[in-house]
1. Give the residue, chosen from PRO395, PRO344, that is closer than 30 Å to ASP288 by Cα and either modelled with pLDDT of 95 or more or touching a helix residue (DSSP H, G or I) at 6+ places or on another chain (Cβ under 8 Å) (or both).
2. State which residue is surrounded by the most Cβ atoms within 10 Å (Cβ to Cβ) when the search covers only the range 24-40 and only residues that are of a type in the set (S, T, N, Q) and either without any contact (Cβ under 8 Å) to a residue 60 or more places away in the chain or touching a helix residue (DSSP H, G or I) at 6+ places or on another chain (Cβ under 9 Å) (or both).
3. Looking at (1) part of a helix (DSSP H, G or I); (2) in contact with a Gly (Cβ under 7 Å, 6 or more places away or on another chain); (3) of a type outside the set (Lys, Arg), can you tell me which one GLU359 breaks?
4. So which residues in the range 175-202 are crowded, with 23+ Cβ neighbours inside 10 Å and hydroxyl-bearing (Ser, Thr, Tyr), if there are any at all?
5. Taking SER326, is it in contact (Cβ under 8 Å) with a residue 40 or more places away in the chain, outside any helix (DSSP H, G or I) and of a type in the set (S, T, N, Q)?
6. Could you tell me how many of the residues in the range 438-489 are touching a residue at least 60 places away in the same chain (Cβ under 8 Å), of a type in the set (S, T, N, Q) and crowded, with 24+ Cβ neighbours inside 10 Å?
7. I'd like to verify a number: residues in the range 163-183 that are more than 30 Å from GLY269 (Cβ to Cβ) and either in a strand (DSSP E or B) or in contact with a strand residue (DSSP E or B) (Cβ under 8 Å, 6 or more places away or on another chain) (or both), how many?
Amino acid sequence: MKRTIVVFLMFSSVQIHAQLRDGWTITASNIDPNNYYGITVANGMIGLVSSPEPMQVKDVVMNGVYDYYQRGRVSNILKIFNHINLSLSINGISASKDNIFNYRQSLNMKKAELITDFDIADAHITHKLMSLRHLPYTSLAVVEIKAKKEVVIAASSMIEAPDHLREIRNLYSEIDPHIPLLTSVAKSPSGKITLAASSSIIFPEPRNQQPVVTHGDWDYNRHLMRFSKKIKTGETYRFAIVASATSTVQYKDPHNEAERLTIFANLEGIQRLLEKHEAAWEALWKSDIVVEGDEEVQRAIHAALYHLYSFSRAGTAYSPSPMGLSGLGYNGHVFWDSELWMYPPLLVLHPNIAKSMLEYRFQRLNAAKQNAFAHGYKGAMFPWESSDGGSEDTPVWALTGPFQHHITGDVGWAFWKYYQVTKDKTWLRERGYPILKEVADFWASRVERKGPGNYEINNVIGANEWQENIDNNAFTNGIAITTLRYATQAAKELGIQPNSDWNHVADNIPILKFPNGVTRENASYNGVDIKQADVNLLAYPLEIVSDTAQIEKDLSYYEPKMSPEGPAMGNATLATLYSRLGNARKADELFRKSYKPNEMPPFGVLAETQGGTNPYFATGAGGMLQAVIFGFGGLQISDQGIVQRKTALPVKWKSLTIKGAGILKKDFVNHN
């Protein structure tokens, strides 16, 4: 989608071992460690990426924490301490992929827990992993060991620091005196951030009967706590690991705070932690999408929703990157993926989460104004890639940084859409209009005024990034027109006299056409293949092209030019438009094309492109969900709020219900 070059593989060569069970569970069996793309359990703050090794976590990613290290001379989201890994042996036999059988991993999306089951020696092991939804900095692993014969278990919980952390300190203590506390503290690569992680074991026994815990140093960057226990034939023994991680981005004293949070979780106990975590997810799932008649599609929709819910959180000022909390993809930076692709489904289903994504941009408005000033423009110029400070973080070699200016319009568009859904005039006055005013001032200064109808926007990169330094790009011009008019509308809504130049500029920005009436992608476009939808975005989501004949003409021209090497969400846009036009067959074909070829083994996580190797692509999930909500579901965000129009469902679907939409938590139903 942005700047990655991937090798294209035919989808038919990829085997997905995920199986559908009840629309909520994805089960991976026949796990091949050499062809494994992990699933993420996350709570909007901490992401835990699964490993093919039993009871192991591949990566732990913390939202909002960036530093410079070994990648592209720009800030990177930090991979932090791996603080919840476990090792286990039964009668001296270690639980590794070589010593276990009947091994499988299952993601319960409804409860947001990854369940690993396997047999080893004379015991059956169940391991449940979750990033607790109600405790944003704390994770939980629950282990159940069912003894078929009398066995002795030896379990170790460890904290391991990735190579890029420095000045690592490993500590161990006991609190009260039966709460073992394993802690690590370190500096980020540049030394500007302090990170801390702490873990503890929750035992089922009364405190005076708990197993003895000992501490062991394994290496400079790794240490552990361990215990052993004899389990009788037929007995099931359950214990848990709680682990918290913080940094100086969140707390002045992350070391003590990580330990306090871990002690709190330990004393809450396993059952209370599980109940509160599940209740928090149950509240999220009150806003859901239900398809009757197609179980495979229902699973795919739940998987997309699960990831967007996992990667975002209300009450913060964070916005998800294209890969969310699934790893270091695109350095964890925030692009247009947030506003144009992930944001609209969240705005409909959870406006409070969408509000947090907008707060991320608002808190970085001053940096965007400085960026505009540096480029000779007025207003605010938002960066193509943004991290903690809101300055431009695109690597220098990528031209998208200085030239992909539509991002500023994308931000303004998202802010007005929030007001349309919520009608929150206080928010509009304090947050929405200040952004829209600066966005409009940017476009008014950005255009080159060459006479009526020729207020050109030249030397840009549009949504189709394969064409660089072009003039009068369709989507860039379209988003500029849209946000100039939204700024005028927002001012009037607040009783403020709008700048008359905004509408004047909007009226004179051109949308180019070929002689045959097809919208031209840019002034020099000559029919070559494109990376992703650009012109078609004028019809959806911008809706500044509304004439049915024009929409059909543009679809017919650009659909064959969409490269199979492009990102997933382009086909989702086309699916949305075909559904709105009443062409259910074509819409269904493109909808499936928007996600199915991008699923990777063993869980079917989405890659950015067909045959790509960089899941999870949350942008693609957002696009796919837009096809469901705004295409098949017929929803539209307008000045009247969320309204529904008649659209066509795939023939296999009996009905589609969008549950808990908007601030009124209304249900919208479409039947075949």
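1. Details: PRO395 fails: closer than 30 Å to ASP288 by Cα.
Just one listed residue meets the conditions, PRO344.
2. Step one: filter the range 24-40 for residues of a type in the set (S, T, N, Q), giving 25, 27, 29-30, 34-35, 40.
From what's left, either without any contact (Cβ under 8 Å) to a residue 60 or more places away in the chain or touching a helix residue (DSSP H, G or I) at 6+ places or on another chain (Cβ under 9 Å) (or both): 25, 34, 40.
Numbers: THR25: 18, ASN34: 5, THR40: 29.
Result: THR40.
3. Of (1) part of a helix (DSSP H, G or I); (2) in contact with a Gly (Cβ under 7 Å, 6 or more places away or on another chain); (3) of a type outside the set (Lys, Arg), only one is false for GLU359: (2).
4. THR183, SER184, SER188, SER198, SER199, SER200
5. Numbers: in contact (Cβ under 8 Å) with a residue 40 or more places away in the chain: yes; outside any helix (DSSP H, G or I): yes; of a type in the set (S, T, N, Q): yes.
Against the criterion (in contact (Cβ under 8 Å) with a residue 40 or more places away in the chain, outside any helix (DSSP H, G or I) and of a type in the set (S, T, N, Q)), SER326 qualifies.
6. The total comes to 4.
7. Of the range 163-183, the ones more than 30 Å from GLY269 (Cβ to Cβ) are 163-168.
Keeping just the survivors that are either in a strand (DSSP E or B) or in contact with a strand residue (DSSP E or B) (Cβ under 8 Å, 6 or more places away or on another chain) (or both) gives 164-168.
Of the residues in the range 163-183, 5 are more than 30 Å from GLY269 (Cβ to Cβ) and either in a strand (DSSP E or B) or in contact with a strand residue (DSSP E or B) (Cβ under 8 Å, 6 or more places away or on another chain) (or both).
Per-residue answers, yes or no, for (1) aliphatic (A, V, I, L, M); (2) within 21 Å of ILE159 (Cα to Cα):
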| position | (1), (2) |
| --- | --- |
| GLU257 | no, yes |
| LEU267 | yes, yes |
| GLU292 | no, no |
| GLN298 | no, no |
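The values are calculated or read from the model by the stated rules, or taken from the named source; none is laboratory data. Since we're looking at a predicted model, the values are computed, not measured. A quick note on method: Cβ atoms are made from the backbone with ideal geometry, for glycine too, and the neighbour counts reach across all protein chains shown.
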